Amino acid sequence: MLHRPLAALLAVLLALVIAACGSDDDTAAPPATSSAAVETTAAAAFPVTVEGDNGPLTIQEQPDEIVSLSATATESLFAIGAGDQVIAVDDQSDYPADAPQTDLSGFEPNVEAIAGYEPDLVIASYDPGGLVDGLEKLDIPVLLQDAAPNLDAAYAQIETLGTATGHVEEAEEVVDSMQTQIDELVSSASGADGTTVYHELGPDFYSATSDTFIGSVYGLFGLVNIADEAGDADAGGYPQLSGEYIVSESPDLIVLADTVCCGQTAQKVSKRPGWDQIAAVESGNIVEADDSIASRWGPRTVEFVQLIADSLEGVSQR
Amino acid sequence: MATARALRARLSARPERALRGVSAGWALAAGAFVVVSTLLGLALGPVDLGLGAVTREVLSHVPFLGVSSPFSGTEDAILWELRAPRVALGLLVGAMLASAGAAYQGVFRNPLADPYLLGAAAGAGLGATIVIAYDPGGGLDLRPIAAFAGAVLGVGIAYLLGRSVGGSATTTLILAGVTVAAFLTAVQTYVQQQSAETVQEVYSWILGQLETSGWSDVLILLPYVAVSTAVLLWHRRLLDVLAVGDDEAASLGVPVARVRLAVVAAATLGTAAAVAFSGLIAFVGIIVPHAVRLMAGTSYRVVLPLSLAFGGGFLVLMDLVARTVVAPAQLPIGVVTAFLGAPFFAVVLRSTRGVGP
């Protein structure tokens with residue numbers, strides 16, 4: 001059993017690590033903003049001011065022509081009941097199914113094409129090629145929400161979206177429900193002390209350290225992430241591990257987040273040369289995760305947490 | 001023709017030396033380099049197996065010595081299923097790229113020619129990108145086949161384009177190669193941008209890596225490298241004659257066009273097979289042959305066999321750096337070959353000024 005005090009301690013440690021390692025300005029602000037936002041918009045009163053990773057943004061009226069270039073934000077917007085206000089989402093936003101998917105790209109955004117939708121709010125998770133500057137020049141309000149480094153930051157982003165779209169209460173409900181479910185899953189998960197995990201982003205052994213959002217989920221369970229030792233070499237939190245190292249670490253749990261992108265399966269992994277020596281392969285504890293759930297930080301994170309909690313039962317029974 | 005004059009002068013001034021192949025000293029040095037880099041490649045890595053333990057483990061496979069293996073199952077798997085095939089792949093790919101580079105430089109009389117000159121890299125890149133983008137993890141891994149087909153196709157188009165323009169000038173062929181490469185690269189980039197979620201995988205393939213899927217990769221590549229390098233070595237004397245110029249070589253009775261086609265075909269097929277498994281490893285095909293020329297002499301009877309040996313050892317050492325310097329993470333090997341290869345080559349270039357080709 002993972003004891004709650006231990007989980008709390010780990011959460012605190014993780015927060016410290018992230019505070020120490022995180023980028024300068026993007027992690028600390030959101031909680032404060034969201035609590036302030038709750039007060040101002042309890043009556044759904046616009047204008048509101050929200051804090052994005054591109055600075056404070058004042059929204060004059062409740063937006064009803066939103067363009068989302070962030071797959072995570074798309075999921076959150078629909079989860080908090082703002083789906084009707086969304087007129088277009090990017091080509092990666094494949095969930096929920098009724099999101100108005102277009103060929104707009106969040107990776108190679110075309111400012112003209114976005115402006116063509118005449119949005120009154122654009123949400124992006126990435127700012128390549130002067131996207132934010134370009135939209136601001138056209139007086140289109142843009143809210144940038146970078147990849148969240150941990151659950152708290154992810155919750156804050158959902159609350160910010162609630163404020164920005166006039167769905168403060170629904171956003172709070174979504175966050176509360178996520179928190180409750182995740183807490184339950186984590187506290188009832190079977191013994192994970194010292195259990196090691198390898199999270200695979202691609203068959204070329206790219207992985208994610210505890211400094212990343214997905215890594216922070218493993219931290220909740222007290223799992224030891226084998227990518228952390230390579231963290232120093234790669235400040236981005238996504239090091240490319242060597243096969244030798246993975247085999248010698250012999251992780252107890254392998255999580256494949258490259259089942260869709262790269263067609264990896266538990267069977268393929270167990271046939272890799274030398275991998276039959278890995279504990280997770282021997283005991284069959286290879287989790288096939290959905291790439292997009294594992295790479296986003298929206299409401300479906302609960303599903304990923306559930307997947308890990310379930311797989312840990314298998315690990316403890318070996 | 002300054003080159004031709006210089007070569008004739010050299011041929012007449014030092015006839016004995018020019019006629020000789022690799023000297024005993026260089027043969028020994030090349031052999032020792034390959035052996036030492038192979039042993040280092042086996043002994044060192046992100047996981048410390050211990051030099052003595054690796055030696056005992058290797059000896060335990062020699063019959064009648066009675067040495068018992070000190071390794072657990074995991075260590076055994078790391079050495080024989082992960083590290084050893086990787087070292088073998090490094091030897092094959094390095095030998096292939098370096099000797100193909102030397103051959104290209106000879107046949108085009110262009111010191112900047114490398115195995116990717118005629119669009120092999122762009123073609124292989126396009127093939128691999130299409131598979132990564134449109135057929136992620138299909139039943140069997142089509143990447144090597146697609147990369148191989150792309151490379152052969154790229155060079156084939158460049159060759160036909162060059163021929164159709166006419167003229168025997170090698171410049172035409174090189175320009176055709178540059179044209180085809182630019183076009184294929186554009187298509188490759190387009191395909192890559194269309195499927196943003198696989199950009200990372202394409203990028204990492206393009207920078208090159210020697211992580212194998214086991215001995216099968218090595219065994220598939222081996223015959224290509226063996227045949228290709230045998231053809232190149234077979235033509236080493238003719239490459240020397242070709243160095244004086246097409247007309248001069250023709251007047252000496254060398255079938256210039258046929259030799260060029262044979263050498264280009266062999267170098268291309270070998271390169272295509274190598275990059276199919278390793279990705280696009282930069283720079284080996286340029287610096288290894290030139291370093292050999294600067295140190296051991298410019299005759300292709302010396303350059304080709306020595307490039308073969310030093311290329312293999314060099315790539316094993318570069319891969320050793322790639323997988324240990326940021327261990328337990330690893331670097332793409334293309335980054336290491338250029339980052340360490342360029343300064344190394346600069347030193348060789350400076351210390352042998354005036355001796356070069």
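Bear in mind that the values in this text are calculations on the coordinates, not laboratory data. Keep in mind that this is a model prediction, so the values were computed, not measured. Neighbour counts run over all protein chains shown; Cβ positions are idealised from the backbone, glycine included.
Translational D (Stokes-Einstein, µm²/s) of the range B:132-231 at 20 °C and 1.002 mPa s when Rh comes from the Kirkwood sum over C-alpha pairs? In µm²/s, the coefficient is 134. Relative protection proxy for B:33-45, A:75-87, from highest mean packing down: A:75-87, B:33-45 (other beta-carbon atoms within 10 angstrom). Label sites at B:Ser251 and B:Ala53, each approximated as a point 7 angstrom past Cα along Cα to Cβ, lie 6.7 nm apart. Cβ-to-Cβ counts within 10 Å put B:Tyr104, A:Tyr198, B:Tyr224, A:Tyr117 in ascending order as A:Tyr117, B:Tyr224, A:Tyr198, B:Tyr104, the fewest first. Here the residues B:Met96, B:Met318, A:Met178, ranked from fewest to most Cβ neighbours within 10 Å of their Cβ, fall in the order A:Met178, B:Met318, B:Met96.
In the protein assembly as shown, the DSSP beta bridges split such that about 25 percent are antiparallel, to the nearest 5.
The three principal axes of the C-alpha atoms in the range B:156-315 carry coordinate ranges of 57, 38, 28 Å, sorted with the longest axis first. Rounded, prolate or oblate: which one fits the range A:52-173, using the alpha carbon gyration tensor with axes a ≥ b ≥ c (rounded when a/c is under 1.5, else prolate when a/b beats b/c, else oblate)? The shape class here is rounded.
Using all alpha carbons of the range A:193-263, what is the percent of pairwise distances in each 10 Å bin, ordered from the shortest bin to the longest? Result, from short to long distances: 22, 58, 20, 0 percent. Derived from the Cα gyration tensor, the three semi-axes of the equivalent ellipsoid of the protein assembly as shown are 54, 32, 19 Å, largest first. The modelled label-to-label distance for the pair B:Ile220/A:Asp103, using points 7 Å beyond Cα in the direction of Cβ, is 3.4 nm. With r defined as the distance between the Cβ atoms of A:Asn110 and B:Phe64 and R0 fixed at 51 Å, what FRET efficiency is calculated, to the nearest 0.05? Using R0 = 51 Å, I get an efficiency of 0.10. Under a Gaussian network description of chain B, with springs only between Cα atoms under 10 Å, the residue in B:Ser307, B:Ser299, B:Ser69 that fluctuates furthest is B:Ser69. Using a Gaussian network model of chain B in which every pair of alpha carbons under 10 angstrom is joined by a spring, one finds that among B:Leu304, B:Leu112, B:Leu59 the greatest mean-square fluctuation is at B:Leu59. Calculated over the range A:128-281, the projected area of the Cα convex hull averaged across directions stands at 11.6 nm².
Mean-square fluctuations from a GNM of chain B, with a 10 angstrom spring cutoff on Cα atoms, peak among B:Phe64, B:Phe339, B:Phe283 at B:Phe64. As a rough guide to protection, the peptides B:237-243, B:194-200 ranked by mean Cβ packing within 10 Å, highest first, stand as B:237-243, B:194-200.
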